[in-house]
Amino acid sequence: MDKNEIAKTLNEIADILEIQEENPFRIRAYRNAVRTLENLSLNLDKLVKEEKLTELDGIGKDLAEKISLLSKNKQVKEFSDLKKSIPKGMLEMLEVSGLGAKKIKVLYKELKITSKKELEKACKQGKIAKLKGFGKKTEDNILNSLGHIEAYSQKHLWFSAMQIAHPILEDLRALKEVLKADIAGSLRRKKETVGDIDFVASSTSPKEIMSWFTSQSFVEKISVKGDTKSSVRLKGGFQADLRIVPPEQYGFVLHHSTGSKQHNIRLRQIAKDRDWKLSEWGLEKGSKPVITKKEPSEEDLYQAFNMQFIPPELREDTGEIEIAQKKKLPNLITGEDLQGTFHVHTNASDGKNSLEEMIEAAEDYRWKYIGISDHSKSSTQANGLDEKRLLDQVTQIKKINASNKYKIHVFSGIECDILTDGSLDFEDSILKQLDFVIVSIHRAFKQDRATTTKRLIKAIENPYTTMVGHLTGRLLLKRESYALDVEKVIDAAIANKKIIEINGQPQRLDIDWRHLKQAKERGLLTSINPDAHSIDGLKYVLTGINIARKGWLEKEDVFNTLDLNKIKGRLKKA
Ligand code: DGT
Ligand code: CA
Ligand code: CA
Ligand code: ZN
């Protein structure tokens with residue numbers, strides 16, 4: 001532990017002692033030690049080694065021993081026993097602004113409150129306001145603070161975080177003091193959800209940049225402000241970190257802050273095996289830099305290890321380091337590889353735009369084809385098409401293709417509901433008049449795992465099925481997947497030569513990227529689809545591309561990278 005972590009631990013111990021009404025002198029001794037550590041300008045590890053801790057203000061023999069143990073990452077039994085002696089929820093209540101150990105003690109004595117949840121309930125029932133020493137104002141403040149804690153501990157969709165982060169990055173890059181700036185962390189790794197937004201920048205005048213960053217109108221509250229590192233709360237519940245370093249260090253800090261933590265740990269281990277030391281400060285052998293360039297980049301870093309450059313989205317410690325050593329990383333798919341897309345809704349069901357508006361917008365992407373698939377009749381909530389309305393749309397699309405009004409070819413399809421028993425929402429005689437069929441589950445999410453798995457496999461086995469839509473039905477941060485044996489369904493799709501889509505909607509990103517690497521090796525073909533419900537929604541092919549890349553996919557693994565003729569051929573056979 002470093003000195004700040006030790007100070008935090010001692011403070012927590014003082015809180016526990018206070019809640020337990022321990023000897024006030026002992027409590028004060030801990031608080032004094034915390035202050036001493038926080039203001040310490042000497043190297044703590046050195047003091048420990050030279051056994052000089054007792055020379056510090058307020059640190060006696062007993063505390064010196066404990067601090068020394070903590071600094072070596074060893075357990076202090078007395079502390080672990082103390083932590084066990086009190087419900088964890090009571091300690092978490094210390095995060096609530098305005099609540100100290102004394103008040104928490106009163107809450108326990110008077111109302112038996114031992115967690116934030118119970119605290120919230122008591123506030124809402126007006127019980128806190130009636131307590132001596134609390135009052136209505138305190139009660140309101142507690143509720144307010146609880147709301148904040150909830151909002152800022154939440155994860156966010158990748159897409160929403162990027163919408164906030166991108167303009168800030170642009171502004172940062174435009175500052176004259178900024179030499180380089182990037183987004184790092186899980187957002188750069190294109191994780192489907194992210195905790196916070198991490199920025200890194202290189203500069204020789206960090207102070208000016210920090211003043212700019214912390215005084216912007218998007219900042220709601222400054223959590224930590226330092227010359228080279230700050231943390232702020234942004235409007236809308238986001239938390240953002242900015243780290244500024246000199247140009248020599250930039251490549252190393254960008255790499256470190258991009259993570260993942262697991263990837264960093266593996267690379268550090270490999271450095272260690274070579275007697276090197278890798279950290280956010282640099283790559284060294286002894287005290288000499290391994291890379292002689294003045295301003296090493298991330299590329300230089302991987303090259304020093306004799307590895308291929310590992311794209312951020314692959315840095316999840318799923319074997320990328322070994323493969324990069326063998327120089328066998330995949331040639332990841334990009335947005336340019338897409339020749340068209342499927343799974344596009346119109347205002348015939350629950351989309352916002354008309355068929356022709358969607359076709360026109362798709363032409364702006366310079367795609368060669370687009371597959372229209374509105375909802376089927378059982379999806380009454382989505383104004384699903386019945387047989388007649390569907391066949392009218394087929395006729396309309398035929399006319400559009402024949403008219404040569406657009407350069408893009410339009411395929412007519414359906415997003416067909418999979419009924420509870422695995423049969424499809426339309427008879428074969430209807431399905432066979434379409435170019436393609438996407439099968440999706442939109443109801444009966446509560447069936448057990450075996451039943452849902454069988455249900456999906458039965459739908460896959462229907463000869464008219466082309467691909468599976470949003471495989472697991474999850475809505476990120478909102479609704480879990482239905483119980484499903486994903487691997488079994490993937491195998492059934494492969495065996496039946498059916499596609500599983502990568503649904504690019506930011507809250508779906510379904511099938512999950514964690515399945516893709518393995519599935520591709522077994523022969524799964526995917527299609528990157530926007531599930532667009534408006535012109536604007538077509539852009540979700542790009543979030544889909546992110547996930548395909550995160551799942552190690554190459555052009556060959558994705559159906560809609562094929563040219564129009566090949567697609568026509570494939571759809572005819574199906
Ligand atoms: P998030 O924000 O929870 O979605 O995930 P990340 O990966 O962005 O995590 P964050 O923001 O806590 O830290 C950014 C990066 O900093 C992380 O990906 C790797 C690096 N990092 C953070 N803590 C550690 C650590 O304890 N050890 C190592 N080796 N790297 C760390
Ligand atoms: Ca982060
Ligand atoms: Ca962070
Ligand atoms: Zn759907």
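The values are calculated or read from the model by the stated rules, or taken from the named source; none is laboratory data. These numbers come from a predicted model, not from an experiment. Every residue, glycine as well, gets a Cβ built from its backbone with ideal geometry; the counts of neighbours run over all protein chains shown. The protein model used for the area step is the full one, side chains on, heavy atoms only, and it has no ligands, DNA or RNA in it. Shrake-Rupley method; radii C 1.70, N 1.55, O 1.52, S 1.80 Å.
Pairing residues of region 118-139 that are assigned by TED's automatic domain parsing to the domain that holds LEU107 with residues that are among the acidic types (Asp, Glu), at Cβ distances under 6 Å and at least 6 apart in sequence or on separate chains, gives CYS123/GLU139; ILE128/GLU139; ALA129/GLU139; LEU131/GLU110. Only one of the listed residues (ILE67, ILE27, ILE16, ILE59) is in contact with a helix residue (DSSP H, G or I) (Cβ under 7 Å, 6 or more places away or on another chain), under 28 Å from LYS130 (Cβ atoms) and buried (at least 16 other Cβ atoms within 10 Å of the Cβ). That residue is ILE16.
Can you say whether LYS109 is exposed (fewer than 13 other Cβ atoms within 10 Å of the Cβ) and more than 19 Å from GLU18 (Cα to Cα), as far as the supplied structure shows? So that I can check it myself, show each step before the final result.
On the way: exposed (fewer than 13 other Cβ atoms within 10 Å of the Cβ): yes; more than 19 Å from GLU18 (Cα to Cα): no.
So LYS109 does not fit the description; no.
Scanning region 164-186 for residues that are open to solvent by 30 Å² or more (accessible area, probe 1.4 Å), within 16 Å of ligand 2 (Cβ to nearest atom) and not in a strand (DSSP E or B) turns up ILE164, HIS166.
Which of the residues belonging to region 226-271 are among the polar types (S, T, N, Q), in contact with a Phe, Trp or Tyr (Cβ under 7 Å, 6 or more places away or on another chain) and within 16 Å of ligand 3 (Cβ to nearest atom)? Walk me through it before giving the result.
Taking region 226-271 as the starting set, the residues that turn out to be among the polar types (S, T, N, Q) are 228, 230-231, 239, 249, 257-258, 260, 262, 264, 269.
Filter once more, so that each one left must be in contact with a Phe, Trp or Tyr (Cβ under 7 Å, 6 or more places away or on another chain): 230, 239, 249.
Listed by number, the residues that qualify are SER230, GLN239.
Would you say LEU419 is open to solvent by 40 Å² or more (accessible area, probe 1.4 Å), more than 16 Å from ligand 3 (Cβ to nearest atom), in contact (Cβ under 8 Å) with a residue 12 or more places away in the chain and farther than 22 Å from THR341 by Cα? Step through it out loud before you land on a result.
Values: open to solvent by 40 Å² or more (accessible area, probe 1.4 Å): yes; more than 16 Å from ligand 3 (Cβ to nearest atom): yes; in contact (Cβ under 8 Å) with a residue 12 or more places away in the chain: yes; farther than 22 Å from THR341 by Cα: yes.
Yes, satisfied.
It is to be established whether one or more residues within region 465-473 are open to solvent by less than 60 Å² (accessible area, probe 1.4 Å) and more than 28 Å from the chain's Cα centre (by Cα). Yes, region 465-473 has at least one match.
The criterion of at least 3 residues that are in contact with a helix residue (DSSP H, G or I) (Cβ under 7 Å, 6 or more places away or on another chain) is met by the following helices (runs of 4 or more DSSP H) wholly inside region 469-574: 486-495, 513-522, 540-550. Checked against (1) open to solvent by 50 Å² or more (accessible area, probe 1.4 Å); (2) closer than 30 Å to LYS566 by Cβ; (3) without any contact (Cβ under 8 Å) to a residue 40 or more places away in the chain, LEU456 passes all but a single condition, namely (1). Taking region 148-163 as the search range and keeping residues that are within 12 Å of ligand 1 (Cβ to nearest atom) and either among the acidic types (Asp, Glu) or outside any helix (DSSP H, G or I) (or both), which one is nearest to ILE545 (Cα to Cα)? Of everything passing the filter in region 148-163, LEU157 is nearest to ILE545 (Cα to Cα).
Tell me yes or no: at least one residue of region 205-215 is within 13 Å of ligand 3 (Cβ to nearest atom), more than 16 Å from LEU476 (Cα to Cα), touching a residue at least 40 places away in the same chain (Cβ under 8 Å) and open to solvent by less than 40 Å² (accessible area, probe 1.4 Å). Quick ask: steps written out before the conclusion?
Just the residues of region 205-215 that are within 13 Å of ligand 3 (Cβ to nearest atom), to begin with: none.
No, every residue in region 205-215 fails to be within 13 Å of ligand 3 (Cβ to nearest atom), more than 16 Å from LEU476 (Cα to Cα), touching a residue at least 40 places away in the same chain (Cβ under 8 Å) and open to solvent by less than 40 Å² (accessible area, probe 1.4 Å).
Total residues in region 507-525 satisfying the condition of being within 16 Å of ligand 4 (Cβ to nearest atom) and buried (at least 21 other Cβ atoms within 10 Å of the Cβ): the figure is 4.
Please work out which residue is farthest from ARG514 (Cα to Cα), limiting yourself to region 152-197 and to residues that are within 14 Å of ligand 3 (Cβ to nearest atom) and of a type in the set (Asp, Glu). Among those that are within 14 Å of ligand 3 (Cβ to nearest atom) and of a type in the set (Asp, Glu), it is ASP182. On inspection, GLY226 does not qualify as more than 11 Å from ligand 1 (Cβ to nearest atom) and in contact (Cβ under 8 Å) with a residue 24 or more places away in the chain.
Taking VAL232, is it in contact with an Asp or Glu (Cβ under 9 Å, 6 or more places away or on another chain) and either within 14 Å of ligand 1 (Cβ to nearest atom) or of a type in the set (Phe, Trp, Tyr) (or both)? Reasoning before the result, please.
Numbers: in contact with an Asp or Glu (Cβ under 9 Å, 6 or more places away or on another chain): yes; either within 14 Å of ligand 1 (Cβ to nearest atom) or of a type in the set (Phe, Trp, Tyr) (or both): yes.
For VAL232, the condition - in contact with an Asp or Glu (Cβ under 9 Å, 6 or more places away or on another chain) and either within 14 Å of ligand 1 (Cβ to nearest atom) or of a type in the set (Phe, Trp, Tyr) (or both) - is met.
Which residues, counting only those in region 1-22, are farther than 25 Å from GLY89 by Cβ and either part of a helix (DSSP H, G or I) or polar (S, T, N, Q) (or both)?
We begin by selecting, within region 1-22, every residue farther than 25 Å from GLY89 by Cβ; these are 2-3.
LYS3 - this is the single residue of region 1-22 that is farther than 25 Å from GLY89 by Cβ and either part of a helix (DSSP H, G or I) or polar (S, T, N, Q) (or both).
Does region 332-348 include one or more residues that are farther than 21 Å from GLY544 by Cβ and modelled with pLDDT of 95 or more? First the steps, then the outcome.
The first filter runs over region 332-348 and keeps only residues farther than 21 Å from GLY544 by Cβ, leaving 347-348.
With modelled with pLDDT of 95 or more added as a condition, the list becomes 347-348.
For region 332-348, residues farther than 21 Å from GLY544 by Cβ and modelled with pLDDT of 95 or more: present.
Of all residues in region 234-271, those satisfying the criterion of being open to solvent by 50 Å² or more (accessible area, probe 1.4 Å) and of a type outside the set (Asp, Glu) are LYS235, GLY236, PRO246, HIS256, LYS261, GLN262, ILE265, ARG266, ARG268, GLN269.
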